[in-house]
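> I am attaching a structure below and will ask some questions about it afterwards.
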Amino acid sequence: MMTRNFQNFLRALGKPLVLFIIRFGELVQFLVKTLYHCFAPPFYFKNFGRQLLDMGFYSLPVVGLTTIFAGMVIALQSYSGFARFGAESAVASVVFISVTRELAPVLSALMVAGRIGAAMAAEIGTMRVTEQIDALQTLSTNPFKYLVAPRVWSGLIVLPILVFLGDIIGIFGGYVVGVYKLGFNPANYINSTLENMEALDIISGLVKASVFGFIIALMGCYNGYRSKGGAQGVGEATTNAVVSASILILIFNYILTEVFFSK
Amino acid sequence: MEKEIKISIRNLQKSFGKKQVLRGVDLDIRAGESLVVIGGSGTGKSVLIKCIQGLLTPDEGSIKIDGEETIGKNARHLRDLNARMGMLFQGGALFDSLSVWENVAFSLLENKKISRDKAKLEAVRVLRQVGLASDVADLSPSELSGGMQKRVGLARAVITRPEIILFDEPTTGLDPIMADVINDLIVESAKGLGATTLTITHDMASARKIADKVAMLYEGKIIWQGTVKEMDKTDNPYVCQFINGCAQGPIKMEF
Ligand SMILES: Nc1ncnc2c1ncn2[C@@H]1O[C@H](COP(=O)(O)OP(=O)(O)OP(=O)(O)O)[C@@H](O)[C@H]1O
Ligand SMILES: [Mg+2]
């Protein structure tokens, strides 16, 4: 009796576990192939350009809105929070540090994952189920080079640029709240921002952004590429792309923070 | 005089999960020959040409092209092989992010690096051959009817004048007149350009017009092959039932 229960328990545990290991193996294989094709010619610059535009330029409004509100709210929160310790003067630095290290990279990446990761999975997934990927192959064109590599490169390059702009916009948001709502002196606010500014804060945020961009493109392409079974399959791929990218972004955010700041 | 064998398939097997689709296909296609494969819906005709094209890896068996084994070769080999073949997909498989002429000229633009102007001229010329006027060239594939998409797919498959062309149901969904235009084009590709062609069709009128040889696929094997004349005289019950389209006979439809 006891062993039967135990066997059932193992069985219930085993199937998802085996599935997980298989999926993980597939992902690693996809990753290795992607890395190889990112560096081996030919490169499809036109596709790369289109991705830059889609991923970068058209994401600007979303990233701008996200970061300006993030900067504003952090100014407000830290002011009311720090009033308990009589440390209101730290608001400017707190805004700078939290926006550049955390808020701009993480929130922007999550927004872009929703916008672009989903679009990538849907586009590549549709190409898969309508045999367009097979057709590419019959025309002597490698789908990894034609579809995946341009998206991955674009993710690596575009996200840091977006996040850098997001840093500026977010800090500006904090400044607006600090000066017009909390009554800081503009010159003092700017001075205390500049005085405590460190390059590592910005750089770590941009490195994070690049890694997140890679994750978004990889998960979008991977889930699209392996989708099957018509519209439903493509829908599933889209959901999986966004969810898996978001979770990986949060995990890698922690890992990279450890790498940069825990000494 | 018999030409040398261009494509030689031996004991080709392919399953999806538990479902055995191809159970040992043997087939020879001679250079410059036009072979038509007939067979019921879902018997694995599309799977067969995807194996030849290298899109699916068979579980067992061999496919030799010009005497050279193609299965298990690396990606570069496959690429060179694909450059010598053209394929029309059953569903068209046009790139919806590109215009019609960019679809047709894809190989010229991406592989042969021909200038866009020249490539477009060539694309428009081939589009005219498949009965499409030059004003469709700048449309997107989604703006075309199903039959028009099929013809664009056909134009894309033949534009580089490949040695081997695989057509998956080229005339399905076309009106009878346009179907005949396409038949002529296939005959011309084979006879005029010397290409070896393999055509899948349910359309017996089309099969009679283009086939040098007909092969019938049933339950994962080639159960009969011969010329069109032999097809009309054969007493093979499967072939008779199929070409006459009778519900009664040895072939049972599973509902
Ligand atoms: N990628 C795949 N995964 C799983 N099963 C498949 C796949 N491709 C084909 N099959 C199965 O193989 C069988 C043969 O499919 P195929 O598309 O070759 O049929 P067909 O002979 O071309 O039919 P039709 O004349 O309707 O086009 C079908 O039963 C199908 O379910
Ligand atoms: Mg088919």
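The values are calculated or read from the model by the stated rules, or taken from the named source; none is laboratory data. Remember, it's a predicted structure, so these values are computed and weren't measured experimentally. When we count neighbours, we look across all protein chains shown, and the Cβ atoms used for this are built from the backbone with ideal geometry, even at glycine. Accessible surface is based on the protein model in full, side chains and every heavy atom, while ligands, DNA and RNA are left aside. Shrake-Rupley method; radii C 1.70, N 1.55, O 1.52, S 1.80 Å.
> Among the listed pairs A:Lys228/B:Lys19; B:Lys50/B:Lys213; B:Lys50/B:Lys252; B:Lys18/B:Lys50; B:Lys6/B:Lys213; B:Lys19/B:Lys221, which are separated by more than 22 Å between their Cα atoms?
Correct reply: B:Lys50/B:Lys252.
> A follow-up question, please. Please identify the helices of chain A, taking whole runs of DSSP H, that span at least 20 Å along their own axis as judged from the Cα atoms and have a mean Kyte-Doolittle score of 1.0 or higher.
The answer, listed by residue number, is A:60-82, A:149-176, A:199-225, A:230-261.
> Using just the helices of the protein assembly as shown, give the 222 nm mean residue ellipticity in deg cm²/dmol: DSSP H runs with n ≥ 4 each add -39,500 (n - 2.57), and the total is spread over all residues, rounded to 500.
Only helices count here, giving -18500 deg cm²/dmol.
> Suppose we flag GluC sites (Glu not before Pro) only when DSSP calls them loop and at most 12 other Cβ atoms lie within 10 Å. Which is the longest uninterrupted stretch of chain B? Kindly include the intermediate steps, with their values, before the conclusion.
Numbers: sites that count: B:Glu2, B:Glu4, B:Glu254.
The segment B:5-253 is the longest one with no such site.
> From the phi of every residue in region B:116-131, what ³J(HN,Hα) in whole Hz does the Karplus formula 6.51 cos²θ - 1.76 cosθ + 1.60 yield, where θ is phi - 60° and glycine or proline is x?
So the Karplus estimates, Gly and Pro as x, are 4, 4, 5, 4, 5, 4, 5, 4, 5, 4, 5, 4, 5, 4, 8, x Hz.
> Take the Cα pairs of chain A, get the Kirkwood Rh, then feed it into Stokes-Einstein at 25 °C and 0.890 mPa s and tell me D in µm²/s. Working shown, then result.
Working: Rh = 20.4 Å.
The diffusion coefficient I find is 121 µm²/s.
> Separate question: Taking a cut-off of 30 Å, what percent of all Cα-Cα pairs in chain B are separated by more than that?
Result for the distance tail: 27 percent.
> Let me ask you something else. Amide H of B:Tyr218: which non-local residues (sequence gap of 5 or more, or other chain) have their own amide H closer than 5 Å, using H built in the peptide plane?
B:Ile223
> Now a separate question. Order the peptides B:12-20, B:209-217 from the highest to the lowest mean number of other Cβ atoms within 10 Å of their residues.
Top to bottom by mean Cβ count within 10 Å: B:209-217, B:12-20.
> Right, another one. Name the GluC sites (Glu not before Pro) in region A:172-263 that are in a loop by DSSP and that have at most 15 other C-beta atoms within 10 Å, would you?
Values: sites: A:Glu195, A:Glu198, A:Glu236, A:Glu258; in loops: A:Glu198.
Loop-located and lightly packed - A:Glu198.
> Okay, next question. Checking the cross-link filter: which aspartates and glutamates have an alpha carbon closer than 14 Å to that of A:Lys46, excluding same-chain neighbours under 8 positions apart?
Straight-line reach from A:Lys46, under 14 Å: A:Asp54, B:Glu102, B:Glu110.
> So, one more: Ignoring ligands, DNA and RNA, what percent of the accessible area of region B:92-161 is carbon or sulfur (1.4 Å)?
Result for region B:92-161: 49 percent of the exposed heavy-atom area is carbon or sulfur.
> Under 5 Å between amide hydrogens, which residues at least 5 positions from B:Lys6 or on another chain qualify, with H placed 1.01 Å from N in the peptide plane?
Correct list: B:Ile29, B:Arg30, B:Ala31.
> State, in angstrom, two size descriptors of the protein assembly as shown derived from its alpha carbons: Rg to one decimal place and Dmax to the nearest whole number.
My reading of the Cα-based Rg and Dmax gives 29.7, 102 Å.
> I've got another one for you. Going 7 Å from the Cα of A:Ala90 toward and past its Cβ, which residues in region A:194-210 have a backbone nitrogen under 17 Å from where you end up?
Residues A:194-198 qualify, since their backbone N sits under 17 Å from the label point.
> Lys and Arg at +1, Asp and Glu at -1: add these up for the other residues within a Cβ distance under 11 Å of A:Ala70 and post the number.
-2
> Still on this model: Taking a 1.4 Å probe, which of B:Leu98, A:Leu194, B:Leu27, A:Leu76 shows the most accessible area, and what order do the others take after it?
A:Leu194, A:Leu76, B:Leu98, B:Leu27
> Would you please give the residues with an amide H less than 5 Å from that of B:Gly24, counting only those at least 5 places away or on a separate chain, with H modeled from the backbone geometry?
Close amide H contacts, sequence-distant or interchain: B:Leu12, B:Gln13, B:Lys14.
> Once you have a ≥ b ≥ c as the square roots of the Cα gyration tensor eigenvalues for region B:68-210, tell me rounded if a/c is under 1.5, and otherwise prolate or oblate according to whether a/b is larger than b/c.
Oblate.
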